[in-house]
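Visitor: Have a look at the structure that comes next, please.
The values are calculated or read from the model by the stated rules, or taken from the named source; none is laboratory data. Please read all numbers here as calculations on a predicted model, not as lab measurements. No Cβ is skipped: glycine too gets one built from the backbone with ideal geometry, and neighbour counts run over all protein chains shown.
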Amino acid sequence: MRKIRVMVVDDHEMVRRGICSYLETEDDLDVVGQAHSGKSALELALKLKPDVILMDLIMEDGTGIEATAAIKQELPDVQIIILTSFIDEKLVFPALEAGALSYLLKTAHAEEIVDTIRLAIRQEAVIEPKVATKMLARMRHTDEHQPHNDLTERELEILMLIGEGKTNQEIADELFIGIKTVKTHVSNVLNKLGVEDRTKAAVYAHRHKIV
């Protein structure tokens with residue numbers, strides 16, 4: 001099995017080294033590079049072409065948002081996980097809009113970070129609950145159009161579980177259905193809601209109090 005190639009971006013050397021040291025203990029992960037700034041992150045990513053990047057949000061030469069946007073423009077298949085201490089919604093939305101798949105706080109357990117990396121390979125997002133709360137606070141407004149009314153009963157169940165942060169496998173186990181069936185339902189839910197990914201579907205579910 002090919003290892004997941006991971007790059008870590010953080011302007012604090014001790015933090016960066018600590019993260020890398022832990023990731024290197026995992027048999028299926030290969031830490032291929034470290035960067036201390038947004039500029040060096042872009043240069044290194046173009047050279048190494050990692051599968052997943054753990055991206056700090058605030059760095060001396062700018063934000064991880066700028067680096068994320070630049071990297072996704074050049075390497076759209078790279079999955080970027082924001083790993084930060086900040087939960088300001090003014091940073092959360094731009095980070096996700098820039099192309100980040102997941103958003104974690106540095107207080108996350110090491111195992112959670114590793115699991116998020118593995119999920120990223122399957123393009124499955126993980127959003128820290130405190131961050132989701134911040135997102136919801138900003139997104140609450142009157143919206144008469146509610147496309148979730150077009151969902152079937154099963155699709156609504158799927159949306160609820162997505163909103164709870166469940167992975168495809170966890171949804172399959174809970175509903176006693178096959179993983180391929182789950183993927184089909186998830187695709188239908190995203191299409192009916194008019195959203196691009198699970199993260200936005202989860203936000204929609206919370207915003208409309210489906211969860």
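Visitor: With the requirement that a residue be of a type in the set (A, V, I, L, M) and at pLDDT 70 or above, what does region 123-166 give you?
Guide: Answer for region 123-166, where residues must be of a type in the set (A, V, I, L, M) and at pLDDT 70 or above: Ala125, Val126, Ile127, Val131, Ala132, Leu151, Leu156, Ile158, Leu159, Met160, Leu161, Ile162.
Visitor: Of all residues being in contact (Cβ under 8 Å) with a residue 40 or more places away in the chain and of a type in the set (D, E, K, R) in region 62-103, which is surrounded by the fewest Cβ atoms within 10 Å (Cβ to Cβ)? Just the residue, please.
Guide: Among them, the one singled out is Asp88.
Visitor: Given the options Gln79, Gln34, name the one that is among the polar types (S, T, N, Q), farther than 19 Å from Thr199 by Cβ and either modelled with pLDDT under 95 or not assigned by TED's automatic domain parsing to the domain that holds Val203 (or both).
Guide: So the residue among Gln79, Gln34 that is among the polar types (S, T, N, Q), farther than 19 Å from Thr199 by Cβ and either modelled with pLDDT under 95 or not assigned by TED's automatic domain parsing to the domain that holds Val203 (or both) is Gln34.
Visitor: Follow-up question, since we're still on this one. Has region 200-210 got at least one residue that is out of contact with any Cys (no Cβ under 6 Å at 6 or more places or on another chain) and exposed (fewer than 15 other Cβ atoms within 10 Å of the Cβ)?
Guide: Yes; the residues of region 200-210 include at least one that is out of contact with any Cys (no Cβ under 6 Å at 6 or more places or on another chain) and exposed (fewer than 15 other Cβ atoms within 10 Å of the Cβ).
Visitor: Name every residue in region 184-195 that is part of a helix (DSSP H, G or I) and surrounded by 15 or more Cβ atoms within 10 Å (Cβ to Cβ), in order of residue number. Write out each step before concluding.
Guide: As a first pass, look at region 184-195 and keep what is part of a helix (DSSP H, G or I): 184-193.
Within region 184-195, His185, Val186, Asn188, Val189, Leu190, Lys192, Leu193 qualify.
Visitor: Could we say that Asp11 is among the acidic types (Asp, Glu), under 24 Å from Arg118 (Cβ atoms) and touching a residue at least 24 places away in the same chain (Cβ under 8 Å) here?
Guide: Values: among the acidic types (Asp, Glu): yes; under 24 Å from Arg118 (Cβ atoms): no; touching a residue at least 24 places away in the same chain (Cβ under 8 Å): yes.
No, not satisfied.
Visitor: Being out of contact with any His (no Cβ under 9 Å at 6 or more places or on another chain), under 24 Å from Val203 (Cα atoms), at pLDDT 95 or above and not assigned by TED's automatic domain parsing to the domain that holds Val195 is the requirement here; does Ile65 meet it?
Guide: no
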